[in-house]
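One structure is given below, encoded as structure tokens.
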Amino acid sequence: NQSQACEAARMRFHCKLQNADLFTQMCSTFEKIAKVIVVHLTPQSVRFIVTGAGVQDNIQVFSQMNVPAFFSEYTVESLNQNEVAFEIQISLLERALKQATTAMATGMKLMKRNGTPYLSVGTEFMNPCHQTVIQDIQVTLLTAGQLASIQEPSVRDPDVYVVMPPLRQVRAVIERMKNMSETITITANMAGELSFKLDTSQVTVTTTYKDLDHPNIGTPSTVFQKTTTTH
């Protein structure tokens, strides 16, 4: 309607991408989960949201980073308290950003062509002459009402919270274990221990990490232990 068109017309976003590697890694992670994500831009933060719609097991993801982690020369404006949100196909965004990891500079901005909104990604190269590659990715702008309907679920405080060991090491352990069993038991406690265990009629294997840190999000009165099983 007219009010939505007016709201969309006042949305502005442009920036310089200053951490292409991190941004690309984030996109690669989300591509394994969903085909479409919501990007929510505010003057202070960047949020990536998977709403769960059309996603296997209805997985929802809410990830937030401060603007300087990704962008410089950052501008976002709108009638909704200078917040802008849009849906974008994550595979197309990742493809556009792959060039950014080797580019001299990369800029991003919202634009419209023939009334259709796009996220324009421009990468500059010097090899040896100056070249600029522009890729326009169609997006769906979200109104303030649509954005307000996306609510992060309330999750109770955890019993156990530890900082994971290097993920490459953990992945190597899981890869070996999955060849021996379909089920792995994961055990963690506030003493800084994390264990992966498989138990079959032929063999029992346990890998334990000790002295792990954990973020200070509250001091439990007792040491908890929680076990979950995953396939």
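The values are calculated or read from the model by the stated rules, or taken from the named source; none is laboratory data. Since the structure is predicted, the reported quantities are computational estimates derived from the model, not experimental observations. FYI the Cβ positions are ideal-geometry reconstructions off the backbone, even for glycines, and counts take in every protein chain you see. With ligands, DNA and RNA removed, areas are computed over all heavy atoms of the protein, side chains included. Shrake-Rupley method; radii C 1.70, N 1.55, O 1.52, S 1.80 Å.
Here is how the numbers come out for the structure above:
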quantity	calculated
Whichever residue in the range 128-169 is open to solvent by less than 50 Å² (accessible area, probe 1.4 Å) and assigned to a loop (DSSP other than H, G, I, E, B) and, among such residues, is farthest from Asp213 (Cα to Cα)	Thr143
Subset of the range 181-209 that is open to solvent by 90 Å² or more (accessible area, probe 1.4 Å) and assigned to a loop (DSSP other than H, G, I, E, B) - its residue that is nearest to Asn58 (Cα to Cα)	Glu182
In the range 14-37, the residues that are outside any helix (DSSP H, G or I), over 10 Å from the mean Cα position of the chain (by Cα) and in contact (Cβ under 8 Å) with a residue 40 or more places away in the chain	His14, Cys15, Lys16, Leu17, Gln18, Asn19, Ala34, Lys35, Val36
Pair list, Cβ under 9 Å, 6 or more apart: the range 192-205 residue of a type in the set (S, T, N, Q), other residue open to solvent by less than 10 Å² (accessible area, probe 1.4 Å)	Thr204/Leu198
Some residue of the range 84-96 being touching a residue at least 12 places away in the same chain (Cβ under 8 Å), within 26 Å of Arg10 (Cα to Cα) and surrounded by fewer than 16 Cβ atoms within 10 Å (Cβ to Cβ)	no
Hits in the range 50-74 (condition: within 26 Å of Met126 (Cα to Cα) and either surrounded by fewer than 15 Cβ atoms within 10 Å (Cβ to Cβ) or aliphatic (A, V, I, L, M) (or both))	Pro68, Ala69, Ser72, Glu73
